[in-house]
Amino acid sequence: ATPTAFLVASGRGAQLGVLVRGPEALERLRRVDTVVFDKTGTLTTGHMTLTDTTVAEGGPEASEVLRLAAAVEQGSEHPIGRAVVAAARHEEDGVARLPEVTDFRAVVGEGVSGRVDGREVRVRRPRPSEPLPEPLRRARAAADRAAHTAVIVEIDDRPTGLLAVGDTLRPTSREAVHEVRALGIEPVLVTGDGAAPAHAMAERAGIDTVHAGVTPEDKERIVTALREQGRCVTVIGDGVNDAAALASADLGMAMGGGTDAAIGAADITLVRNDMLAVVDAIRLTRRTLSTIR
Ligand code: ADP
Ligand code: MG
């Protein structure tokens with residue numbers, strides 16, 4: 001594209017709330033044929049709410065398990081962590097009386113852990129067919145049916161609690177997916193979340209191709225494999241777990257409300273968090289960059 005075309009397109013892009021890092025990014029946006037969407041915080045609002053706390057027999061009661069889980073989640077910037085902390089604070093009448101945590105550790109795409117009140121507490125993703133004590137197994141099945149995300153609370157290496165959190169699609173996600181398809185671009189959902197919530201959200205958004213339960217490294221591998229098929233791939237994400245995939249895409253797009261890691265790894269920032277802006281921006285580049293050059 002000529003410098004003039006770039007200036008025109010990037011100026012209009014800014015009006016749409018699409019901040020572009022350079023001329024090459026705009027040119028690649030014009031050629032995109034595959035959009036890889038992250039789920040939590042991208043297709044969905046990322047404002048998760050705790051919907052259920054279930055505990056195993058013989059362990060601490062539900063409010064105590066939630067309190068311990070929230071204590072370690074205080075150090076997390078993941079939507080699940082924020083939901084758990086908000087729920088625990090709510091139970092305590094909004095007063096922050098969560099216990100101190102030492103040895104805090106966060107593993108991207110996996111969970112958090114730390115020492116609380118002399119116990120080793122971990123909040124993490126469940127493994128695909130992990131055996132769980134009965135009340136937790138049933139709670140996990142119920143979360144799956146409700147398209148909620150289930151995480152396990154381990155205390156001293158024993159699965160002691162199961163927390164379910166729910167999220168909703170962004171208001172424009174479904175329309176944006178539809179419009180993306182109308183432009184001849186294939187939408188794909190790639191998420192670290194489990195199969196049940198992933199497929200339920202994909203169906204609500206109108207996406208047929210789903211990769212669920214993937215690690216941040218898998219996200220990157222999926223993007224690389226698509227590119228090796230000769231596709232021009234854009235990734236849209238918000239999390240620390242999306243940073244590698246964003247960087248390996250032909251074009252990375254970060255949600256404006258996303259993490260610094262995602263924004264730093266992306267070529268484009270969607271300032272208004274509006275998925276329809278992506279569609280407008282692609283249309284814009286197809287119009288401007290082909291006519292002005
Ligand atoms: P997504 O692709 O949906 O944004 P992530 O890759 O960030 O998901 O996380 C994958 C899974 O790892 C989550 O569904 C959850 O089970 C687990 N996980 C990640 N971070 C946390 C956290 N802070 N607390 C509990 N579980 C977490
Ligand atoms: Mg996300």
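A few notes on this one:
- Estimated at 0.36 nm per residue, the fully extended path between D218 and A146 surpasses their Cα-Cα distance by 23.3 nm.
- Percent of beta bridges antiparallel (DSSP, the chain, rounded to nearest 5): 65 percent
- Expressed in Å, the radius of gyration and Dmax of the Cα atoms of the range 49-166 are 12.8, 38.
- Sparsely packed GluC sites (Glu not before Pro) within the range 25-80, loop by DSSP, other Cβ within 10 Å at most 16: E57, E61, E77
- Cα long-axis angle, helix 216-228 against the chain (0 to 90 degrees, to the nearest 10): 30 degrees
- For a label point 7 Å along the Cα-to-beta-carbon line of D208, residues of the range 173-192 with backbone N under 17 Å: 177-190
- Helix 195-205 vs. the chain, principal-axis angle (Cα, 0 to 90°, nearest 10): 40 degrees
- Projecting label points 7 angstrom from Cα along Cα→Cβ for Q229 and D157 puts them 4.2 nm apart.
- The modelled label-to-label distance between R137 and A14, using points 7 Å beyond Cα along the C-beta direction, is 6.0 nm.
- Residues V271, V151, ranked from the fewest to the most other C-beta atoms within 10 Å, line up as V271, V151.
- Compared with the dominant principal axis of the Cα atoms in the chain, helix 173-182 is inclined by about 40°.
- Separation of the H199 and D260 label points, Cα + 7 Å toward Cβ, nm: 4.0 nm
- Taken over the chain, the alpha-carbon convex hull comes to 122 cubic angstrom per residue.
- Residue exposure proxy: S173, S129, S248, S63, ordered by other Cβ atoms within 10 angstrom of their Cβ from fewest to most, comes out as S129, S63, S248, S173.
- Under the convention that each Lys and Arg Cβ holds +1 and each Asp and Glu Cβ holds -1, the size of the dipole of the chain around its Cα centre is about 1160 debye.
Each reported figure results from applying straightforward, stated rules to the coordinates on display, with no laboratory input. Keep in mind that this is a model prediction, so the values were computed, not measured. Quick reminder, even Gly has a Cβ in these numbers, built from the backbone with ideal geometry, and neighbours come from all protein chains shown.
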